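Below you'll find the structure, written out as structure tokens, and then a few comments.
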Amino acid sequence: MDTTPEQMSSRTAAGWTIAVAALGALAGFAWSGPFLAVTCALSLGGGGALATVLSRRQMIATMREGQGKAAALGYADGLADMMVLGISAYRASVFPLSGPDAVDPTERTARRKAAYQLTAADGLPHPIREAAAAALEAIDDARDRDTQSAIEDLMKAVHEQRRGT
């Protein structure tokens, strides 16, 4: 099923035209019989078709705007998720569970670079960037308790962005 705005607009227009024509036919038949039913159906159906054709451009513009907003929100959500994952991977390399010497310094540097690159990506809202910067600062300073709190704040900011608040 094609879900482009043009096809959705055409289906909507056809549905409204048929509904208005059927309503006109029922009203005309109830009022004066079959001749008025046909006349009312044709006139109301034609008027409905004309109205939907005239409003089609506005309807398509509104649909495209909604699609653009949805795409932008989805892109920002995906970036935020990847950034949280990158920062978490960097944190795991700075505070490994198997001891301080468990992670090679080059791996730690590579994860740090990836986390900073993900944080600098275009499309992230400012509150998320601030929370990410605080988390990266805590990790860089090797403050484990502050890191946990900062990552929780970052995840809260990502969650609030997804909810749209």
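The values are calculated or read from the model by the stated rules, or taken from the named source; none is laboratory data. From a predicted model like this one, the values you see are computed outputs, not experimental measurements. Positions of Cβ are backbone-derived with ideal geometry, glycine not excepted, and every protein chain shown enters the neighbour counts. To get the accessible areas, we keep the full protein, side chains included, count just its heavy atoms, and leave off ligands, DNA and RNA. Shrake-Rupley method; radii C 1.70, N 1.55, O 1.52, S 1.80 Å.
For segment 54-72, enumerate the residues that are open to solvent by 100 Å² or more (accessible area, probe 1.4 Å) and closer than 26 Å to Ile18 by Cβ.
Result: Leu54, Arg57, Gln58, Arg64.
Where the second residue is polar (S, T, N, Q) and the first is more than 9 Å from Ala135 (Cβ to Cβ) and lies in segment 148-165, which pairs have Cβ atoms under 9 Å and are six or more apart or on separate chains?
Listed by first residue and then by second, the contacts come to nothing, as the list is empty.
List the pairs whose first member sits in segment 44-61 and is closer than 19 Å to Gly24 by Cα and charged (D, E, K, R), whose second member is at pLDDT below 80 and surrounded by 14 or more Cβ atoms within 10 Å (Cβ to Cβ), and whose Cβ atoms are under 6 Å apart, counting only residues at least 6 apart or on separate chains?
none
What pairs come out if I take residues in segment 5-16 that are modelled with pLDDT of 80 or more and pair them with residues that are in a helix (DSSP H, G or I) and not hydroxyl-bearing (Ser, Thr, Tyr) whose C-beta lies under 6 Å away, six or more apart or interchain?
Qualifying pairs under 6 Å: Trp16/Gly48.
Yes or no: segment 106-129 includes at least one residue that is open to solvent by less than 40 Å² (accessible area, probe 1.4 Å), over 30 Å from Ile18 (Cβ atoms) and in contact with a Gly (Cβ under 9 Å, 6 or more places away or on another chain).
yes
Among what's in segment 141-156 and is more than 29 Å from the chain's Cα centre (by Cα), acidic (Asp, Glu) and exposed (fewer than 14 other Cβ atoms within 10 Å of the Cβ), pick the residue that is farthest from Val84 (Cα to Cα).
Among residues in segment 141-156 that are more than 29 Å from the chain's Cα centre (by Cα), acidic (Asp, Glu) and exposed (fewer than 14 other Cβ atoms within 10 Å of the Cβ), the one farthest from Val84 (Cα to Cα) is Asp141.
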